[in-house]
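Written out below as structure tokens is the structure these notes cover.
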Amino acid sequence: MIRADLTSSVVRSTGRLPEGAAVHKNVSARQRVGAIWQGLLFTCTMISIVILLLLLYNIANDAFGGIAVQQEVPTSEIYANRQPSDLSQEDLIGILTQRLRSRVLHNLERERPLAERTPADLIAIINAEVIKPELVAIYPLREYLFNRSEITAQLTQEFPRAEIRFKSWLSTSFITSPMASDAQGAGVRTAILGTLWMLGLTILFAFPLGIGAALYLEEYTSDRPFDVRSPVGRWLNTATDRLSTLIAINIYNLSGVPSIIYGILGLAIFVRALEPITSGQAFGQAADETANGRTIIAAALTMALLVLPVVIISAQEAIRAVPNSLRQASYGLGATRWQTIWRIVLPSAMPGILTGAILAISRAIGETAPLIVIGASTFIVTDPSGPFAKFTVLPIQIYNWTARPQGEFRAIAAAAIIVLLILLLSMNATAIILRNYLRSKRVS
Amino acid sequence: MADQARVATDPGGTVTTRPPLDLRRRPRIGEAIIQFILFACGLTSIFVTLGIVYVLGKESLLFFRDPTVSLVDFFTTTIWQPSIGKFGILPLVNATLMTSLIAMLVAIPLGLGAAIYLAEYASERARGILKPILELLAGVPTVVYGYFALTFVTPILRSVFGQDTVEIYNDLSAGIVVGILIIPIVATLSEDALSAVPTALRQAAFGLGATKFETAVHVVVPSALSGIVAAGIIAMSRAVGETMVVALAAGASPNFTFNPFKPAETMTGHIARISGGDLSYGTIDYTSIFAIGLILFVITMVLNILSRWVVQRFREVYE
């Protein structure tokens, strides 16, 4: 690049250095160019931060905001400006008999006599059958806060009886209630439980395997396990050596394979080929007859393979950072290799390994594509009962809700994103605290 | 243990004839078993790769054996409509390349700019604040970016270019957001490469009277070029394999179009959509996702190997 500049730019290669005032001109011009570029480079860096802020703004804008609800009969008219909870059982039944047609009343009576129902139940019936609140419009937070007069004017024109009020789509009922077909009643309880189950099992599969592989690659690859005095032993030693190199290269390549390919692998192996095992039939405890292998354990196995390269690479780095003097001291005291690894190397590499664990969990928590491919359920109302149950996870719910055209589903998708990000941050925080605790405990 | 036992059996200190001391390494069965188990852990990664190749290869073979599919048409025709038995992968590949290209146009300038700023200009304190933020951007789940593309970027594009030109699902929005997604990859990997350039080179350039910017562009960047190119290739591989953003924002119709405002389905988006429904084993739809997956796997594998090769072949080694 330097050479190209010297030959191509005629101005700079005159062979004479600028003199006098020209020096000043030359230098200040170049410094000006430098300052402009510094500004541009700084802008490039700042754009990332702006994007992050826009992302958060966009989520908050959708997750909170206003809703316009139109009631068929206003609440005030029915309850005569009293609190529904203050009314007696007779009053409530009176409202129902007065407002509902006899056929509907008859059906309700046949289901369970009105006199036997609790007041809360009766209020729910009044709400569903008489008041019939209908969501006619939803507004993102920005419009709700700053365009209030405009949206109110528009609303009174279209739906004169509708009322605007503030709605936080992220609420305790959103977190604790299961999936439902309407956006207002839907929640993420099953999805959170599914995510936690899957993460737990993923850690269970991926960590021992990943740390084991890292230990082999770092502690044993220089080893010659077979007898060097016989040709067969030497050949076997070369073979294992080559294999170790191959494993190391292969792990690097695996970390670049798109996650959806792991999904395809999981679909063919864990869901289809190993169906008797992943659906629990082999152990005689199939939780759900219709799962067909599309279970939590199949998802966790797939996810474990996906995060394995991350776990191995970070564990390798952590193990490599353990000073060699510690190992030699241990050998000098007569410890065997495994004793050294178990009592010396692993404890001092633990904080680093945990950092890798954070990375792996963060990756697993947000992965969606492989789970779509292996067939996570999108609509499921019962809590997962065990590793062989059908499941859904938070990212799948977010994907499913975002893909729907209705505004209220976008709103609950935004609320679910907030839940996902909080889950992600709290797991990261836990791991960092744990890491710092282990680091402070270690005598160094 | 054996030595102690031998000493103990000596009666009253009288020296009896001992067997010659065996100083060879004694085989330890337990240690050998542990070593074998750890080796097996390492081998799983090989099995994963073999498993991927086997599964993709086997089902793709079934796909290409199907009478409605011909290998030539698969790679040369531009219509992908499984319902009428048309399987030409070009529209999917085209959409993937287009979103990736748009993504690279976004990510390379921004990512490289951020990397140069962080490595050459930023103070230690500024770097300590800015780098974690970049990493935060990398930690956001991709489905969130998909949401961002569909509910934020697309409306902006539609108001800028007009509701009629830009459709609700379009390649441009997906491409831009995939670009945002890979900025941290370009930035952190390039920054590592730039920071690895020895300070002596910079000092030499300053000594010759170069400004900070001239030093960065004419000395530091060329010296770290192999690392920067590798970062770009890895980012490209990520963009090709990215699924959620394109599945949500790029649309669900395999169009062969070069218009970034039109919907077009990528390879990954198609796999996600097809397998999201009820997929019965052995159908042509089922085997087709393996064929697409195989092409995707080959593309990303070639890119990964290329990036490794670039680093090894063109790296400038300094003492």
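The values are calculated or read from the model by the stated rules, or taken from the named source; none is laboratory data. Here the structure is a predicted model, which means the values were calculated and not measured. Every residue, glycine among them, receives a Cβ derived from its backbone with ideal geometry; neighbour counts consider all protein chains shown.
What residue, among those in the range A:360-379 that are farther than 16 Å from residue A:293 by Cβ and in a loop (DSSP other than H, G, I, E, B), is farthest from the other protein chains (Cβ to nearest Cβ)? Among residues in the range A:360-379 that are farther than 16 Å from residue A:293 by Cβ and in a loop (DSSP other than H, G, I, E, B), the one farthest from the other protein chains (Cβ to nearest Cβ) is A:379. Only helices (runs of 4 or more DSSP H) whose full extent lies in the range A:192-308 are considered here, and the ones with at least 3 residues that are touching a Ser or Thr at 6+ places or on another chain (Cβ under 7 Å) are A:231-254, A:259-266. As for the range B:150-158, it holds at least one residue that is facing another protein chain (nearest Cβ under 10 Å), surrounded by 20 or more Cβ atoms within 10 Å (Cβ to Cβ) and not hydrophobic (A, V, I, L, M, F, W, C). Among residues of the range A:149-190 being within 23 Å of the chain's Cα centre (by Cα), part of a helix (DSSP H, G or I) and free of Cβ contacts under 8 Å to residues at least 40 places away in the same chain, the one that is farthest from residue A:66 (Cα to Cα) is A:176. Scanning the range A:99-136 for residues that are touching a residue at least 60 places away in the same chain (Cβ under 8 Å) and either over 12 Å from residue A:72 (Cβ atoms) or touching a helix residue (DSSP H, G or I) at 6+ places or on another chain (Cβ under 9 Å) (or both) yields A:131, A:133, A:135, A:136. Report yes if residue A:27 is surrounded by 13 or more Cβ atoms within 10 Å (Cβ to Cβ), under 30 Å from residue B:225 (Cα atoms) and either away from chain B (no Cβ under 14 Å) or at pLDDT 75 or above (or both), otherwise no. So residue A:27 passes the test.
When the range B:128-139 is filtered for residues that are more than 7 Å from chain A (Cβ to nearest Cβ) and within 18 Å of residue B:176 (Cβ to Cβ), only B:138 remains. Of the helices (runs of 4 or more DSSP H) entirely within the range A:27-131, those holding at least 3 residues that are more than 45 Å from the chain's Cα centre (by Cα) and not assigned by TED's automatic domain parsing to the domain that holds residue A:411 occupy A:89-99, A:102-111.
For (1) modelled with pLDDT of 90 or more; (2) closer than 23 Å to residue B:172 by Cβ; (3) part of a helix (DSSP H, G or I), each residue gets a yes or a no:
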{"site": "B:41", "(1), (2), (3)": "yes, no, yes"}
{"site": "B:47", "(1), (2), (3)": "yes, no, yes"}
{"site": "B:50", "(1), (2), (3)": "yes, no, yes"}
{"site": "B:55", "(1), (2), (3)": "yes, no, yes"}
{"site": "B:69", "(1), (2), (3)": "no, no, no"}
{"site": "B:83", "(1), (2), (3)": "no, no, yes"}
{"site": "B:104", "(1), (2), (3)": "yes, yes, yes"}
{"site": "B:119", "(1), (2), (3)": "yes, no, yes"}
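Pairs linking a residue in the range B:281-305 that is away from chain A (no Cβ under 11 Å) to a residue that is of a type outside the set (A, V, I, L, M), with Cβ atoms under 6 Å and 6 or more positions apart or on different chains, are B:284/B:66; B:285/B:82; B:288/B:63.
Candidates A:164, A:192: the one that is touching a strand residue (DSSP E or B) at 6+ places or on another chain (Cβ under 7 Å), over 30 Å from residue A:349 (Cα atoms) and among the β-branched types (Val, Ile, Thr) is A:164. So for the range B:260-277 (the condition being within 8 Å of chain A (Cβ to nearest Cβ), of a type in the set (A, V, I, L, M, F, W, C) and out of contact with any His (no Cβ under 8 Å at 6 or more places or on another chain)), does at least one residue qualify? There is at least one residue in the range B:260-277 that is within 8 Å of chain A (Cβ to nearest Cβ), of a type in the set (A, V, I, L, M, F, W, C) and out of contact with any His (no Cβ under 8 Å at 6 or more places or on another chain).
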